[in-house]
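Q: I'd like to ask some things about the structure below.
The values are calculated or read from the model by the stated rules, or taken from the named source; none is laboratory data. Quick caveat, the model's predicted, so the values are computed rather than measured. Here the Cβ positions follow ideal geometry from the backbone for every residue, glycine too, while neighbour counts run over all protein chains shown. All accessible areas refer to the heavy atoms of the entire protein, side chains included, with ligands and DNA or RNA removed. Shrake-Rupley method; radii C 1.70, N 1.55, O 1.52, S 1.80 Å.
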Amino acid sequence: MKWLILLVLLILAVGLIALRFRPQIKAALQIWRMFKQIKQANQPIEKQIPKREKVENEALVRCAKCGKWIPQSNALNLRKQTFYCSSACVEKAVPLN
């Protein structure tokens with residue numbers, strides 16, 4: 001019985017404190033949500049973009065510069081049958097004047 005009375009008094013005290021400091025609690029929650037949004041916005045792009053499902057029997061193409069084999073859907077296609085694995089390979093393949 002003694003524990004029940006202590007529990008009720010504790011709940012009553014927490015309720016009164018929450019009622020008294022409601023604006024401050026509300027502001028703290030808004031700040032916490034803001035920091036959470038900032039953290040999500042600053043994540044690397046790879047984590048923000050959902051991963052595609054792997055397609056079975058997808059054609060592989062060879063990078064014209066480095067020779068790496070990659071799925072055709074991930075390749076950069078500049079000309080009809082010229083594929084590159086990354087923009088770095090495209091930059092290396094293009095002659096500079």
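Q: Does anyone have the angle between helix 2-20 and the longest principal axis of the chain? Alpha-carbon axes, 0 to 90°, nearest 10?
A: Result, in degrees: 60.
Q: In addition: Ignoring everything but the protein chains, give the 1.4 Å probe accessible area of L16 in square angstrom, nearest 10.
A: Rounded to the nearest 10, the figure is 110 Å².
Q: Still on this structure, I have one more. Out of residues 5 or more away from V61 or on other chains, whose amide H comes under 5 Å of its own, with H placed 1.01 Å from N in the peptide plane?
A: Under 5 Å from the amide H of V61: I70, Q72.
Q: Starting from the 7 Å offset along Cα-to-Cβ, what nm value, one decimal, do you get for the label separation of Q30 and S73?
A: My value for the distance between the label points is 4.4 nm.
Q: More than 18 angstrom separation, counting every C-alpha pair in the chain; what % is that? Each step should come with its number before you reach the end.
A: Working: 3346 of 4656 pairs.
Distances greater than 18 Å cover 72 percent of the Cα pairs.
Q: Could I ask something else about it? Could you look at the chain and say what percent of its accessible area is carbon and sulfur, using a 1.4 Å probe and all protein chains?
A: Values: 5810 of 9280 Å².
The C+S portion of the solvent-accessible surface of the chain is 63 percent.
Q: If you line up the long axis of helix 22-41 against the longest principal axis of the chain, both from Cα atoms, how many degrees apart are they, to the nearest 10?
A: With both axes taken from Cα atoms, the answer is about 10 degrees.
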